[in-house]
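Working notes, beginning with the structure itself.
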Amino acid sequence: KNEVEQSPQNLTAQEGEFITINCSYSVGISALHWLQQHPGGGIVSLFMLSSGKKKHGRLIATINIQEKHSSLHITASHPRDSAVYICAVRSPAGGTSYGKLTFGQGTILTVHP
Amino acid sequence: NAGVMQNPRHLVRRRGQEARLRCSPMKGHSHVYWYRQLPEEGLKFMVYLQKENIIDESGMPKERFSAEFPKEGPSILRIQQVVRGDSAAYFCASSPVVLGPARGYGYTFGSGTRLTVV
């Protein structure tokens, strides 16, 4: 079993729909990152969370540390949101690997006009 | 304030040649991480470096791969005698000095180097 599991693996939506991508992890972490990657493109960091909720434009990220679960929401989705969304957890402090990320397999989002 | 700079963006090597991938971290960032993304696979950790030190190389293949982050200049990921299976996107990320759980902010990725071995 992977240390970081995302669902769904593929997601298709119509423009304007509300989208949720889920991430569960099984290890201790210091923070959780949500990343975005366009095909053939670089990686953009959307959020870094250690507790609670963060919002940036139409994107909202939440984390529940006790349940080891995070969600990424996109409100009023748009075709330009089509990309791969990746959840990544950061190793806890105190070890030599603090800062190292372990990634989920990614969710491929396609938003149709 | 330039972000993490990786070069080249695309690199083609014949089997058996050497590949050198460069990463210049963001200004003020002293921690560098290398990740590899094989075709149709997720990102995997390779190595974590600070200036002149390898902190964690648990994700590096045992042979042919090496990494350095010298006192001056960029971090280098070096792959000797490349094989077709090395074809992948290699991403570098950097972060500032880490002082505790509340720090480690500003984790930034480069645009990646796409290595193709022919």
* Within segment A:32-45, is even one residue more than 24 Å from B:Gly112 (Cβ to Cβ) and more than 11 Å from every other protein chain (Cβ to nearest Cβ)? -> no
* **Matching residues, segment A:12-35, being buried (at least 19 other Cβ atoms within 10 Å of the Cβ) and outside any loop (DSSP other than H, G, I, E, B)** => A:Ile19, A:Ile21, A:Cys23, A:Tyr25, A:Ala31, A:Leu32, A:His33, A:Trp34, A:Leu35
* Structure fact -> Residue set B:Ser66, B:Ser30; condition farther than 27 Å from A:His38 by Cα and within 14 Å of another protein chain (Cβ to nearest Cβ); output residue B:Ser30
* To do: Look at segment A:52-94 and say how many of its residues are open to solvent by 60 Å² or more (accessible area, probe 1.4 Å) and not in a loop (DSSP other than H, G, I, E, B).
  => 5
* On the given criteria, is A:Ser91 more than 14 Å from chain B (Cβ to nearest Cβ) and either among the polar types (S, T, N, Q) or under 9 Å from the mean Cα position of the chain (by Cα) (or both)? -> no
* Any chance you could count how many residues in segment A:60-81 are in contact with a strand residue (DSSP E or B) (Cβ under 6 Å, 6 or more places away or on another chain) and either within 14 Å of chain B (Cβ to nearest Cβ) or without any contact (Cβ under 8 Å) to a residue 40 or more places away in the chain (or both)? => 4
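The values are calculated or read from the model by the stated rules, or taken from the named source; none is laboratory data. Model, not experiment: these values are computed from the prediction. Note that each Cβ is placed from the backbone with ideal geometry, even for glycine, and that neighbours are counted across all protein chains shown. To get the accessible areas, we keep the full protein, side chains included, count just its heavy atoms, and leave off ligands, DNA and RNA. Shrake-Rupley method; radii C 1.70, N 1.55, O 1.52, S 1.80 Å.
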